[in-house]
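**Student:** Quick one: the structure is below, and I'll ask about it shortly.
The values are calculated or read from the model by the stated rules, or taken from the named source; none is laboratory data. Since the structure is predicted, the reported quantities are computational estimates derived from the model, not experimental observations. Neighbour counts are summed over all protein chains in view; Cβ atoms, including those assigned to glycine, are modelled from backbone coordinates with ideal geometry. Heavy atoms of the whole protein, side chains included, go into the accessibility calculation; ligands, DNA and RNA do not. Shrake-Rupley method; radii C 1.70, N 1.55, O 1.52, S 1.80 Å.
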Amino acid sequence: MRPQDRLAVIQRCVVREMARLGQVFRVDGEVVRGPGTTAVAVREHPGDDGGAGHVDLGYVLQLGRADAPVVWDCAAGLGKTEEEKLANAVRMWATTTASALVELTEGGGRHGDHADHPELPGWHAVQGPAAVFGFGNERLAGWLAEHRLLPALAPALLPDLAAPGPNGVKLFLGGKAGDDVAEVRVNGEVSEAASAALRSLDWPRGERLCWARLFVLLTTREPAVPPPAPAGTAMPAPVRASVPAAVRARGLFGRWRQARRAGR
């Protein structure tokens, strides 16, 4: 697939997935513009072989400002064709990452959970749904619903956080017994200390492959809500995401979604 065709597919998928979150986005050249000053940028994934189904997406909170924060995240999707892989990668990003970003700007708890952990003094956390996929994913989903990962990772995360944020923290864990993977990225960079702390936790390792992907935003302040969309802009009715219903935990950070096709 040619780079311009890949870009067009990714942008169309971003528009569709953001509509599932009740957000009106439209393609405008190299970016996909959203409500107010929000936008999503696309960049080529480093080392992409043209068919790996990787996407690099940057959520811009204040388009037009040179110092505007941009939260970048990479996701990968599975599928029979490159277009299907890209679509699933964008869906994974929207389920975990975009949900947290929309919640950061809107508040209200519709798209994510909020928490202030004593182990992360001065930091406010916003997390969207987690995606749990693979064989026998109920065990891993259940474990995640009963455990809060941020407090356990806090000592390793604190040195990597930049005030005021938002800092994007991606967690990817799973695999199987004897062949597991645990990776934590802070603002796109692997944190070896946090990854080691995540690996040391007792999340279930089974005999068959199963993974989970989570995305958390950490900020020291409440974000300014972007200006509203121009008058007369129609907002589509929210569309249910094509993943099973969330598994509720006992308290905050309880939005867990399972997906069959996904990636990092």
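**Student:** At 7 Å along the Cα-to-beta-carbon direction for both A52 and E119, put a label point, then send me their distance in nm to one decimal.
**Tutor:** So the label points at A52 and E119 sit 3.1 nm apart.
**Student:** In addition: Can you give the translational diffusion coefficient of the range 11-151 in µm²/s, computed by Stokes-Einstein from the Kirkwood radius over Cα pairs at 20 °C and 1.002 mPa s?
**Tutor:** Rounded, D is 131 µm²/s.
**Student:** Let me ask you something else. R0 = 35 Å: FRET efficiency of D67 with D180, Cβ-based, nearest 0.05?
**Tutor:** Efficiency computed from Cβ-Cβ geometry: 0.35.
**Student:** Run the accessible area of the range 100-201 with a 1.4 Å probe and give the carbon-and-sulfur part as a rounded percent.
**Tutor:** Accessible surface attributable to carbon and sulfur in the range 100-201 totals 52 percent.
**Student:** Per q in 0.24, 0.27 Å⁻¹, report the Debye log10 I(q)/I(0) for the range 128-205, using one uniform scatterer on each alpha carbon and no solvent.
**Tutor:** The computed values of log10 I(q)/I(0) come out as -1.23, -1.44.
**Student:** Let me ask something additional. How high is the relative contact order of the range 133-186? Use alpha-carbon pairs under 8 Å, at least six apart in sequence, and give a whole percent.
**Tutor:** Contact order relative to length: 25 percent.
**Student:** Give the calculated FRET efficiency between R43 and E84 to the nearest 0.05, with a Förster radius of 30 Å applied to their Cβ-Cβ distance.
**Tutor:** E(calc), rounded to 0.05, equals 0.90.
**Student:** To continue, here is another question. Packing-wise, with mean Cβ within 10 Å as the measure, how do 101-111, 206-216, 56-66 rank, highest first?
**Tutor:** 206-216, 101-111, 56-66
**Student:** In square angstrom, what is the accessible area per residue of the range 111-230 with a 1.4 angstrom probe?
**Tutor:** About 44 Å² of surface per residue is accessible.
**Student:** For a Förster distance of 30 Å, can you work out the FRET efficiency between the beta-carbons of T220 and V24, rounded to the nearest 0.05?
**Tutor:** E(calc), rounded to 0.05, equals 0.50.
**Student:** Give the dimensionless ratio obtained when the Cα radius of gyration of the range 62-128 is divided by 2.2 N^0.38 Å.
**Tutor:** Normalised Rg, Cα atoms only: 1.39.
**Student:** Extension gain L7-A163, at 0.36 nm per residue separation less the Cα-Cα distance, in nm?
**Tutor:** Gain in length upon complete extension: 52.9 nm.
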